[in-house]
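These notes are about the structure you will find just below.
Every read-out reported here was derived from the displayed coordinates using simple, explicitly stated rules and does not represent laboratory data. Fair warning: this is a prediction, and the values are worked out from it, not measured in the lab. Neighbour counts run over all protein chains shown; Cβ positions are idealised from the backbone, glycine included.
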Amino acid sequence: PCAILLFGLAKKFRDQVLPSIHEHILNISQCDVFAHTYNITTVSSHRNGEDNDTIDPSEILDLTPNVLIETVQDFERQINLTYLLQPRFQVDPKHGWGKESYVNMLKQWHSIEQVWRLMQHHEEEFNIQYDRVGFFRSDVEYISPIDIFNGDAVVPAFGKMTNDRMFYGLYEHAHVWANIRFPS
């Protein structure tokens with residue numbers, strides 16, 4: 001058994017992302033699907049060229065009923081932002097990172113952990129154990145076939161030391177990828 005886990009904001013989901021997930025991921029690997037997103041309806045990001053762009057988080061339900069939609073307040077209650085926003089954790093702004101980008105990265109890490117927990121709850125409830133797990137951003141249009149059974153621990157060949165787009169592979173490697181960020 002395998003699981004596909006989507007994380008992050010479901011931007012342009014129904015029109016672009018969803019068809020690409022069906023064509024390039026689910027048509028190749030028939031898996032259970034889980035998703036985590038935030039109940040955010042507009043997004044602005046200077047880095048992404050977004051200015052009050054509208055999003056509909058409920059569109060992710062077009063893919064699966066196994067969805068956890070949290071508010072930003074839910075995130076803030078679960079993550080110690082006071083601690084994580086200390087200067088020692090900040091990335092140098094001259095590299096294009098400011099507070100907004102850093103907090104968005106923390107939200108993404110939280111989303112990855114939450115969708116992992118959602119999948120684990122499903123495993124416990126239905127007494128199953130996934131062998132393979134794939135993590136995919138819910139705002140990326142996938143343009144080529146992805147077979148999550150091909151490789152033990154696979155990440156894209158870009159981003160040098162960081163990868164926030166996708167991961168797939170064996171369960172034990174997926175567990176590390178999903179849960180190592182905050183403790184590190």
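Data table
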| item | result |
| --- | --- |
| Residues of type aspartates and glutamates that Lys11 reaches as a straight line, Cα spacing below 16 Å, ignoring anything fewer than 8 places off in the same chain | Glu50, Asp51, Asp53, Asp56, Glu59, Asp62, Glu70, Asp139, Glu141, Asp164 |
| Theoretical ellipticity at 222 nm over the chain - DSSP helices of four or more residues, -39500 (n - 2.57) apiece, nearest 500 | -8500 deg cm²/dmol |
| Restricting the range 109-184 to trypsin sites (Lys or Arg not before Pro) in coil, as DSSP defines it, with at most 12 other Cβ within 10 Å | Lys160 |
| Cα gyration tensor shape for the range 131-184, rounded if a/c is under 1.5, else prolate or oblate | oblate |
| Rounded tilt (10° steps) of 99-126 against the dominant C-alpha axis of the chain | 30 degrees |
| Contour excess over end-to-end distance, with Cα ends at Asp147 and Glu100 and 0.36 nm allotted per residue | 13.5 nm |
| Amide N of the range 140-160 lying under 15 Å from the label point, which is placed 7 angstrom from the Cα of Asp53 along Cα→Cβ | 140-142 |
